[in-house]
Amino acid sequence: MSLKEDLLSAVIELDEDRSYDLVKKMLDKQTDPKEIIEILRRAVEIIGEKFNKKEYFLTELVMAGEIFQQAAKILEPALKKGEEGEKSRGIVVMGTVQGDVHDIGKNIFVTLLRSAGYEVHDLGVDVLPEKFIEKVKETHANVVGYSGLLTVALDAMKETTQALINEGLRDKVKIIIGGFPVDEMWMKEAMADAFTDNAFEGVKIVNNWLKEGT
Ligand code: B12
């Protein structure tokens, strides 16, 4: 079995120690950290399928989230390599919107943004619109990112953008939304500027915005 296959099955089997050892081994062998993130993401997806088939339960999903988080911490220095000493490329305020606690995907996006050189203010999960407002004002952010995996997250996204409009901040930021059910309809309803269900793609979108100057 290759290290990649081994890592995929270690995460799916929720074997924490083996998962972290394999991540370290792969880094030692110069595997691209983005490739490792992709394996972790795929493992969580498979765990989700097992959950749907009732082979796994909520505890396993939570554990999968923790393994992902810890593995991402091991990867962060490698992802940041080459960016050291560079000044921030822009400021991003990010959070999983009110009513939603899913954060694995959000954390991937945050990790990738930080490794691409952005200053990211991660507000966590179940974030109220006023928290976004507060942070945007405080940091003079260029970009705001909403994550949401529940259908009800759309309402929270709309409310958050409405709050930005009410505060006169909407024209000062670009808004990107991501998560499981997001699509063009969500983007329009949430009055956002872009959507994606792929964190790597999300970083490209932010790069393009900030190249153009927000
Ligand atoms: C893991 C999981 C959980 C874990 C979350 C752990 C954690 N720390 O996040 C726990 C157990 C807590 C959980 C709870 C619940 N869950 Co849940 N969960 C999942 C599951 C299996 C996987 C989600 C996941 O992490 N995927 C992997 C990540 C990497 O993918 P991702 O989030 O899409 O992120 C990628 C992109 O979307 C993107 N991205 C994400 N955010 C952003 C943001 C931006 C700006 C950008 C650019 C990109 C980006 O980047 C990532 C990589 O490319 C999904 C089913 C599935 N297969 O998706 C259900 C699912 C999302 N959950 C669901 C439900 C219903 C719930 C509960 C209500 C269950 C319950 N009865 O209690 C609660 C809700 C609690 C709440 N208030 O939020 C439903 C949602 C249905 C719906 N449409 O509303 C799903 C779809 C399962 C199902 N089929 O029914 N869940």
Based on what the data block shows, is Val152 near the ligand (Cβ under 8 Å from one of its atoms), of a type outside the set (Ser, Thr, Tyr) and surrounded by fewer than 16 Cβ atoms within 10 Å (Cβ to Cβ)?
-> yes
Can you find a residue in region 119-127 that is within 14 Å of the chain's Cα centre (by Cα), more than 11 Å from the ligand (Cβ to nearest atom) and assigned to a loop (DSSP other than H, G, I, E, B)?
-> yes
Would you tally the residues in region 160-183 being over 28 Å from Ser88 (Cβ atoms) and surrounded by 16 or more Cβ atoms within 10 Å (Cβ to Cβ)?
-> 0
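Among the residues of region 90-112, what is the count of those that are of a type outside the set (Val, Ile, Thr), more than 7 Å from the ligand (Cβ to nearest atom) and more than 14 Å from Lys73 (Cα to Cα)? Let's see the steps before the verdict.
Start the filter on region 90-112 by keeping residues that are of a type outside the set (Val, Ile, Thr), which leaves 90, 94-95, 98-100, 102-103, 105-107, 109, 112.
Narrowing the set further to residues that are more than 7 Å from the ligand (Cβ to nearest atom) leaves 90, 95, 98, 107, 112.
Going one step further and asking which of them are more than 14 Å from Lys73 (Cα to Cα), we end up with 90, 95, 98.
Qualifying residue count for the region: 3.
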Which numbered condition trips up Leu75, out of (1) touching a helix residue (DSSP H, G or I) at 6+ places or on another chain (Cβ under 7 Å); (2) at negative phi; (3) not assigned by TED's automatic domain parsing to the domain that holds Ile36?
-> (3)
Given the residues Ala194, Ala156, which is the only one that is on the phi < 0 side of the Ramachandran plot, outside the structural domain of Glu49 (by TED's automatic domain parsing), in contact with a Gly (Cβ under 9 Å, 6 or more places away or on another chain) and free of Cβ contacts under 8 Å to residues at least 24 places away in the same chain?
-> Ala194
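The values are calculated or read from the model by the stated rules, or taken from the named source; none is laboratory data. These numbers come from a predicted model, not from an experiment. Note: ideal-geometry Cβ built from the backbone for every residue, glycine included; neighbour counts use all protein chains shown.
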